[in-house]
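Asker: The following block contains the structure, expressed as structure tokens.
The values are calculated or read from the model by the stated rules, or taken from the named source; none is laboratory data. If you're wondering where the values come from, they're calculated on a predicted model, not measured in any experiment. Here the Cβ positions follow ideal geometry from the backbone for every residue, glycine too, while neighbour counts run over all protein chains shown.
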Amino acid sequence: MTAAALPAPRQRGGALSGLSSFLHGRPGLLLALLLAPPLVWLGIIYLGSLFTLLAHSFFGLDEFSGVMVREVTLDTWKEFFGNASNGDVVLRSALMAAAVTAADALIAFPLAYFMVRFAGIRTRGLLYLAVMLPLWSSYLVRVYAWKLILAKEGIVSWFAQQLHLGWLLEAVLEIPVVGGPSLSTSYIGTFIVFSYIWLPFMILPIVAALERVPGSVIEASGDLGADAGQTFRKVILPLAFPGVVAGSIFTFSLTLGDYIIPSIIGKSTPFLGETVFRLQGTAGNIPMAAAFTVVPVVVMGVYLMVAKRLGAFDAL
Amino acid sequence: MSRLTVPSRLAARVLTVALATSLGAVFASAQAAPLQKVGKGEGRLDIVAWPGYIERGETDKAFDWVTDFEKKTGCKVNVKTAGTSDEMVALMNEGGFDLVTASGDASLRLIAGKKVQEINTKLVPSFSKVDARLQKAPWHFVDGKHYGTPYQWGYNVLAYNTTVFKEPPKSWKVVFEEATLPDGKSNKGRVQAFDGPIYIADAALYLKAAKPELGIKDPYQLNDAQYKAALELLRAQRKLVSRYWHDAMVQIDDFKNEGVVASSSWGFQVNLLKGENKPIGSVVPVEGATGWADTTMLHANAKNPNCAYMWMEHSLSDKLQGDLAAWFSSVPSVPSACKGNKLLGAEGCKTNGADEFDRIAFWKTPVAKCELHKDGCVPYYRWVSDYIAILGGR
Amino acid sequence: MTAAGVPAVAFEGVTRRFGDVLAVDDVSFSIADGEFFSMLGPSGSGKTTCLRLVAGFEQPGSGHIRIHGVNVEGVPPYRRDVNTVFQDYALFPHMTVGGNIEYGLMIRKVPAAERRRRAEEMLALVKLDGLYARKPGQLSGGQRQRVALARALINQPRVLLLDEPLGALDLKLREAMQAELKAIQRQVGITFVYVTHDQGEALSMSDRLAVFNRGRIEQIGSPAEVYDHPATPFVAGFVGQTNLLEGYLAQRLGGFPATYAVRPERIRIVAPDADVPSGFASIDGKVASVTYLGANSRVEVDADGGMLAVVEQNVDGGASVAGRVPGAVVRLVVDRRHIQAVSASR
């Protein structure tokens, strides 16, 4: 039988199938077509706006009318560095972000370790659910709920009274700087709520990192003479560290930029996000807002560099 | 300034951030001569308004001042709500709207930016009914031209706990300076202040009476010395205040659960707390109070000017003004609206503070070039950064 | 080779359950010091569990395990004088080759210079000189395997446990490594306990081997013993190829109605009318199929009462010679000494 005797297979889809066979032989072109939209998004929308932002911080504000002047000037930056309260805002935000990150890492690691190494399938599923559950409800609802929990006449102080631990709560609130009239109007309260809100973002990457540590590697360490503590320090922790770093990038940057929690819980001292919001939204001082927005970008850049130096990305 | 409930506040913030980026790119447009005759309606009207300002009975059937207007004029009303003055300005800069209910800080910016046009008051017959004190108010009457029709006004009160204060406090002093309250305890940690730079005006208003030697005449026009004194007062106040409020619901909660006994506040919170039978009272102290007055303004490039003029006339009707005052706990700009309105009641205007007009320092954006001081006033953007510093403890 | 005295590893009635599964079922055996001992069996037969019991990763449910005479009940892995080469090598991905090899010494706080010197020695032993600073991720499978071996050997354990260490390597490399492992074992002179499912590997490397099936040991012996005298049908079938004779065939070739095993290479094909030498059993049949396998050929013969497989060396044409074609009538003869009676599996 010859091929010519057979009817030619019907071309389905015409142009579309033509395109598909055209692309089939040109994987590079196909890749380019597939990658173009996300690259355009990343390049223009994301990086573009970032550079626009940076550029805006080199514009000034007309003293007379309060309108932005589109002329390159260092005035904004001079004012930024000249005003000590700006440094306070940056330092306060960075310290809070660091404290929240440390606390979250300390809470998340044992939990993640338990989930991965010890919990049965059922317990593990329940724990996953427990970690994820808060993310399903509104962020605002949870923050307002915390306000009630931490209020002067709230749940925590009620429990403290019932347990005759009122003195302890008082003593904690007496601590200078971080204390205050009540938990909900102190740095302690802001810290607690930040730590709570961002905790899942620390747990999940650590769980993922720990899951990638093969059981045999841990056994190998024991086999080579390391006790549980040594195995944890020399093998598990270094291998899970990228997860901690990934989580800390979340918790650190989220804390650094958040402006809702400190506006609801705490002593109303301004944090970065709130300051940017006020300068931009209320005052129309876009150059200064831009200067402030550059700060977390720089802080995160430094943070990532330090993390890299510490070898956080070596095992990636 | 913003007057908002919780969820819309958040949305407004997000929107403001997003929109303001486009703000700078818009250029002023040419000024058109005011309309000379109201013609046939265009069938459509787009308004930027505060939430709750233009009701069509969707929240509560009794409060509807849109449906009748649409029937009568054939102008379909579309409302875009805005949560902050800045958002309003941004929306107007974007264009596509006919009217805006701008507060004193936004109105002057809109006029300066040539985003709104002069209106012909002859085409708004009810304009003559407007409170004489509002007809030529400086936040919409500029260089002998009218840039809108007054809508409603209100003010910030001193809210206090009636268990602690058997007598209403007479002065804002209870929130500005450390003092022993009638219950024998200090006010430290038990008072609040507004979490916004405009609160500097409240401090200035208090100093106007407390330290006459400073010579403060207008809390929105402060020279360097007066401004410094206000900041000094606020720095001392920082030690008394554990939390500054900006969110009405948070403040309500603080009055209930955080032991707050006195603070600047809005009628909104006071009414809600009263509704829950909490021991709360409000007063305008001897120094007076800061307040807001809103104006319906016409966009420079309004597409539907005829419908817009019809609405401005409608907005000054006794029915609408009375209903709105009852709904928003505000005061009508048309005094005749206070009589015979079922929703507002006989005492409604008085309850909402109609008699306090002369004691209210209405909201204006502080600008460098001001009438009172030759050397200039401290402009608003400095208020912002300085208030941030004060909250930060500097 | 096998020093008299205390065995390196001894199992005494050891049982280990995982839930309902009896992984190791009342196993007893001992491994002499310096022996290359293989545990051979299909997956799930309990051989790896036995290895893990020695390493200390598992604890016996009942019975005792002694390592050099010491009962290791409750002794954690890090206190046992044994080291393991894991199936997946289990190298620490965040450490260099050197770091991996020195790990055990570092834990024991050996000075850095000393560690380095010994690590270089080990690298030389496993022929990986110069790779000290590499990361495991930069190595080939065979190289990783050698690092795992070096990492275990540097601790000079008295017993080295190897869990299918060559399983992931390709055939050529595997054969080379088998020889090398055997050489290293001879060089270092320590006990190797080697788990594998590859009977060829077990036969070629071991001094003795244990055949595991369903949690029990079917047979222990030298490779020749196990191959030539399989104790059970399972061993006969698992270790090399075999003809299991039952029923009429058993009666005919073995003389009793029992179960016998005959290796295919032990059967000779002769002419249908050829004499049967004394001491030989014989049976007639027809050639069913012939498979050419290179060095030898496999001839399936349809004999009375069943099929018999015969493997013939292809010395002079092999399967091509007359008579080795399907349908040809042939006579099969086999030395009675190679007809091995096997008891049924326990």
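Asker: Please find, among B:262, B:229, the residue that is modelled with pLDDT of 90 or more and out of contact with any Phe, Trp or Tyr (no Cβ under 6 Å at 6 or more places or on another chain). Explain how you work it out, then say what you get.
Answerer: On the way: B:262 fails: out of contact with any Phe, Trp or Tyr (no Cβ under 6 Å at 6 or more places or on another chain).
When all the criteria are applied, what remains is B:229.
Asker: Next question. Answer yes or no as to whether residue A:143 is within 11 Å of chain B (Cβ to nearest Cβ), closer than 18 Å to residue A:265 by Cα and part of a helix (DSSP H, G or I). Steps first, please.
Answerer: Values: within 11 Å of chain B (Cβ to nearest Cβ): yes; closer than 18 Å to residue A:265 by Cα: yes; part of a helix (DSSP H, G or I): yes.
Spelling it out, residue A:143 is indeed within 11 Å of chain B (Cβ to nearest Cβ), closer than 18 Å to residue A:265 by Cα and part of a helix (DSSP H, G or I).
Asker: Go through segment A:260-287 and give me each residue that's at the interface with another protein chain (Cβ under 8 Å from one of its Cβ atoms), at pLDDT 85 or above and either part of a loop (DSSP other than H, G, I, E, B) or touching a strand residue (DSSP E or B) at 6+ places or on another chain (Cβ under 7 Å) (or both).
Answerer: Answer for segment A:260-287, where residues must be at the interface with another protein chain (Cβ under 8 Å from one of its Cβ atoms), at pLDDT 85 or above and either part of a loop (DSSP other than H, G, I, E, B) or touching a strand residue (DSSP E or B) at 6+ places or on another chain (Cβ under 7 Å) (or both): A:260, A:266, A:267, A:268, A:269, A:270.
Each row is one residue, and each column tells you yes or no for (1) under 30 Å from residue C:30 (Cα atoms); (2) in contact with a Ser or Thr (Cβ under 8 Å, 6 or more places away or on another chain); (3) not aromatic (Phe, Trp, Tyr).
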| position | (1), (2), (3) |
| --- | --- |
| C:192 | yes, no, no |
| C:229 | yes, no, yes |
| C:232 | yes, yes, yes |
| C:241 | yes, no, yes |
| C:252 | no, no, yes |
| C:262 | yes, yes, yes |
| C:269 | no, no, yes |
| C:286 | no, no, yes |
| C:289 | no, no, yes |
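Asker: I'd like the full set of residues that are free of Cβ contacts under 8 Å to residues at least 12 places away in the same chain and part of a helix (DSSP H, G or I), limited to segment C:108-120.
Answerer: C:112, C:113, C:114, C:117
Asker: A further question on this structure: With part of a strand (DSSP E or B), over 31 Å from the mean Cα position of the chain (by Cα) and in contact (Cβ under 8 Å) with a residue 24 or more places away in the chain as the only criterion, which of C:284, C:302 stands out? Working first, answer last.
Answerer: Working: C:302 fails: in contact (Cβ under 8 Å) with a residue 24 or more places away in the chain.
After ruling out the rest, the residue left standing is C:284.
Asker: Kindly check whether there is at least one residue in segment B:233-247 that is more than 14 Å from chain A (Cβ to nearest Cβ) and either touching a Phe, Trp or Tyr at 6+ places or on another chain (Cβ under 7 Å) or not in a loop (DSSP other than H, G, I, E, B) (or both). Step through it out loud before you land on a result.
Answerer: Start the filter on segment B:233-247 by keeping residues that are more than 14 Å from chain A (Cβ to nearest Cβ), which leaves B:233, B:236.
Remaining after also requiring either touching a Phe, Trp or Tyr at 6+ places or on another chain (Cβ under 7 Å) or not in a loop (DSSP other than H, G, I, E, B) (or both): B:233, B:236.
Yes.
Asker: Kindly indicate whether residue B:377 is within 14 Å of another protein chain (Cβ to nearest Cβ), crowded, with 19+ Cβ neighbours inside 10 Å, over 17 Å from the mean Cα position of the chain (by Cα) and farther than 30 Å from residue A:272 by Cβ. Even if it seems obvious, please write down each step before you answer.
Answerer: On the way: within 14 Å of another protein chain (Cβ to nearest Cβ): yes; crowded, with 19+ Cβ neighbours inside 10 Å: yes; over 17 Å from the mean Cα position of the chain (by Cα): yes; farther than 30 Å from residue A:272 by Cβ: no.
When the stated conditions are applied, residue B:377 does not pass them.
Asker: Quick check on this structure: which one of C:209, C:249 is without any contact (Cβ under 8 Å) to a residue 60 or more places away in the chain and not in a loop (DSSP other than H, G, I, E, B)?
Answerer: Details: C:209 fails: without any contact (Cβ under 8 Å) to a residue 60 or more places away in the chain.
Answer to the selection: C:249.
Asker: Would you pick out the residues in segment B:380-394 that are within 21 Å of the chain's Cα centre (by Cα) and facing another protein chain (nearest Cβ under 7 Å)?
Answerer: Passing the criteria: B:380, B:381, B:384.
Asker: Residues that are closer than 29 Å to residue B:190 by Cα: list the helices (runs of 4 or more DSSP H) wholly contained in segment B:255-371 that include at least 2 such residues.
Answerer: Values: elements: B:267-275, B:305-315, B:318-328, B:348-351.
Filter on segment B:255-371 gives B:267-275.
Asker: Would you mind finding the one in C:201, C:218 that is closer than 19 Å to residue C:53 by Cβ and touching a residue at least 12 places away in the same chain (Cβ under 8 Å)? Before the answer, list the steps.
Answerer: Working: C:201 fails: closer than 19 Å to residue C:53 by Cβ.
The unique qualifying residue is C:218.
Asker: With segment C:10-95 as the region, which strands (runs of 3 or more DSSP E) entirely inside it contain at least 1 residues that are assigned by TED's automatic domain parsing to the domain that holds residue C:212 and small (Gly, Ala, Ser)? Explain how you work it out, then say what you get.
Answerer: Values: elements: C:21-31, C:36-40, C:62-67, C:82-85.
It comes to C:21-31, C:36-40, C:62-67.
Asker: Inside segment C:73-125, can you point out the residues that are more than 7 Å from chain A (Cβ to nearest Cβ), touching a helix residue (DSSP H, G or I) at 6+ places or on another chain (Cβ under 7 Å) and small (Gly, Ala, Ser)?
Answerer: Within segment C:73-125, C:98, C:119 meet the criteria.
Asker: Looking at segment C:40-53, can you tell me whether even one residue there is within 14 Å of another protein chain (Cβ to nearest Cβ) and aliphatic (A, V, I, L, M)? Break it down into steps so the answer makes sense when it comes.
Answerer: The first filter runs over segment C:40-53 and keeps only residues within 14 Å of another protein chain (Cβ to nearest Cβ), leaving C:48-49, C:51-53.
This time we only want the ones that are aliphatic (A, V, I, L, M), so: C:51, C:53.
Among the residues of segment C:40-53, at least one is within 14 Å of another protein chain (Cβ to nearest Cβ) and aliphatic (A, V, I, L, M), which makes the answer yes.
Asker: Shifting gears a bit: Would you mind telling me which numbered condition in (1) away from chain B (no Cβ under 14 Å); (2) over 19 Å from residue A:102 (Cα atoms); (3) of a type in the set (S, T, N, Q) residue A:253 fails?
Answerer: Going through (1) away from chain B (no Cβ under 14 Å); (2) over 19 Å from residue A:102 (Cα atoms); (3) of a type in the set (S, T, N, Q) one by one, residue A:253 breaks only (2).
Asker: Let me ask another. Of the residues that sit in segment A:209-220 and are more than 7 Å from chain C (Cβ to nearest Cβ) and not β-branched (Val, Ile, Thr), which one is surrounded by the most Cβ atoms within 10 Å (Cβ to Cβ)? It would help to see each step written out before you state the result.
Answerer: Going residue by residue through segment A:209-220, those that are more than 7 Å from chain C (Cβ to nearest Cβ) are A:209-213, A:215, A:218.
With the extra rule that they be not β-branched (Val, Ile, Thr), the set shrinks to A:209-212, A:215.
Numbers: A:209: 23, A:210: 19, A:211: 14, A:212: 14, A:215: 11.
Filtering segment A:209-220 for residues that are more than 7 Å from chain C (Cβ to nearest Cβ) and not β-branched (Val, Ile, Thr), the one surrounded by the most Cβ atoms within 10 Å (Cβ to Cβ) comes out as A:209.
Asker: Before we move on, is residue A:72 more than 8 Å from every other protein chain (Cβ to nearest Cβ), of a type in the set (A, V, I, L, M) and part of a loop (DSSP other than H, G, I, E, B)? Quick ask: steps written out before the conclusion?
Answerer: Details: more than 8 Å from every other protein chain (Cβ to nearest Cβ): yes; of a type in the set (A, V, I, L, M): yes; part of a loop (DSSP other than H, G, I, E, B): yes.
Spelling it out, residue A:72 is indeed more than 8 Å from every other protein chain (Cβ to nearest Cβ), of a type in the set (A, V, I, L, M) and part of a loop (DSSP other than H, G, I, E, B).
Asker: Another question, if that's okay. Before we move on, is residue B:336 touching a helix residue (DSSP H, G or I) at 6+ places or on another chain (Cβ under 6 Å) and in contact (Cβ under 8 Å) with a residue 40 or more places away in the chain? I'd like the intermediate steps shown before the answer.
Answerer: Working: touching a helix residue (DSSP H, G or I) at 6+ places or on another chain (Cβ under 6 Å): yes; in contact (Cβ under 8 Å) with a residue 40 or more places away in the chain: yes.
Answer is yes for this residue.
Asker: Filter segment C:55-67 down to the residues that are crowded, with 17+ Cβ neighbours inside 10 Å and either within 14 Å of another protein chain (Cβ to nearest Cβ) or in contact with a Pro (Cβ under 8 Å, 6 or more places away or on another chain) (or both) and list them by number.
Answerer: Pass one, segment C:55-67, residues crowded, with 17+ Cβ neighbours inside 10 Å: C:55-58, C:60, C:63, C:65-67.
Once the filter is applied, which keeps residues that are crowded, with 17+ Cβ neighbours inside 10 Å and either within 14 Å of another protein chain (Cβ to nearest Cβ) or in contact with a Pro (Cβ under 8 Å, 6 or more places away or on another chain) (or both), segment C:55-67 yields C:55, C:56, C:57, C:58, C:66, C:67.
Asker: For segment B:372-394, give me the residue count where each residue is at pLDDT 85 or above and either over 30 Å from residue A:177 (Cβ atoms) or charged (D, E, K, R) (or both). Don't jump to the end; show me each part of the working.
Answerer: Within segment B:372-394, the first condition is being at pLDDT 85 or above, and the residues that meet it are B:372-379, B:382-383, B:386-392.
Keeping just the survivors that are either over 30 Å from residue A:177 (Cβ atoms) or charged (D, E, K, R) (or both) gives B:372-379, B:382, B:386.
Of the residues in segment B:372-394, 10 are at pLDDT 85 or above and either over 30 Å from residue A:177 (Cβ atoms) or charged (D, E, K, R) (or both).
Asker: Answer yes or no as to whether residue A:188 is within 14 Å of chain B (Cβ to nearest Cβ), out of contact with any Lys or Arg (no Cβ under 9 Å at 6 or more places or on another chain) and buried (at least 19 other Cβ atoms within 10 Å of the Cβ). Walk me through it before giving the result.
Answerer: On the way: within 14 Å of chain B (Cβ to nearest Cβ): yes; out of contact with any Lys or Arg (no Cβ under 9 Å at 6 or more places or on another chain): yes; buried (at least 19 other Cβ atoms within 10 Å of the Cβ): yes.
In short, yes.
Asker: Residues that are out of contact with any helix residue (DSSP H, G or I) (no Cβ under 9 Å at 6 or more places or on another chain) and either acidic (Asp, Glu) or outside any helix (DSSP H, G or I) (or both): does segment A:161-169 have at least one?
Answerer: Step one: list which residues in segment A:161-169 are out of contact with any helix residue (DSSP H, G or I) (no Cβ under 9 Å at 6 or more places or on another chain), which gives A:162-164.
From the residues that got through so far, the ones that are either acidic (Asp, Glu) or outside any helix (DSSP H, G or I) (or both) too are A:163-164.
Checking segment A:161-169: at least one residue is out of contact with any helix residue (DSSP H, G or I) (no Cβ under 9 Å at 6 or more places or on another chain) and either acidic (Asp, Glu) or outside any helix (DSSP H, G or I) (or both).
Asker: In addition: Being over 30 Å from residue B:302 (Cβ atoms) and of a type outside the set (S, T, N, Q) is the requirement here; does residue B:145 meet it? Working first, answer last.
Answerer: Numbers: over 30 Å from residue B:302 (Cβ atoms): no; of a type outside the set (S, T, N, Q): yes.
No: the conditions fail for residue B:145.
Asker: Check off (1) among the small types (Gly, Ala, Ser); (2) under 42 Å from the mean Cα position of the chain (by Cα); (3) modelled with pLDDT under 75 for residue A:55 and give me the number that stays unchecked.
Answerer: Result: residue A:55 passes all but (3).
Asker: Given the options B:70, B:42, name the one that is assigned to a helix (DSSP H, G or I) and not small (Gly, Ala, Ser).
Answerer: On inspection, the qualifying residue turns out to be B:70.
Asker: Being outside any helix (DSSP H, G or I), farther than 30 Å from residue A:200 by Cβ and among the hydrophobic types (A, V, I, L, M, F, W, C) narrows it down to one residue among A:51, A:58, A:81; which is it? So that I can check it myself, show each step before the final result.
Answerer: Numbers: A:51 fails: outside any helix (DSSP H, G or I); A:81 fails: outside any helix (DSSP H, G or I).
One residue alone meets the criteria, A:58.
Asker: If the requirement is being at pLDDT below 90 and more than 30 Å from residue C:222 (Cα to Cα), which of these qualifies: C:104, C:141, C:167? Working first, answer last.
Answerer: Values: C:104 fails: at pLDDT below 90; C:167 fails: more than 30 Å from residue C:222 (Cα to Cα).
Answer to the selection: C:141.
Asker: Right, something else. Can you tell which of A:206, A:175 is surrounded by 20 or more Cβ atoms within 10 Å (Cβ to Cβ) and more than 10 Å from every other protein chain (Cβ to nearest Cβ)? Please lay out each step first, then the result.
Answerer: Values: A:175 fails: surrounded by 20 or more Cβ atoms within 10 Å (Cβ to Cβ).
Checking each option against the conditions leaves just A:206.
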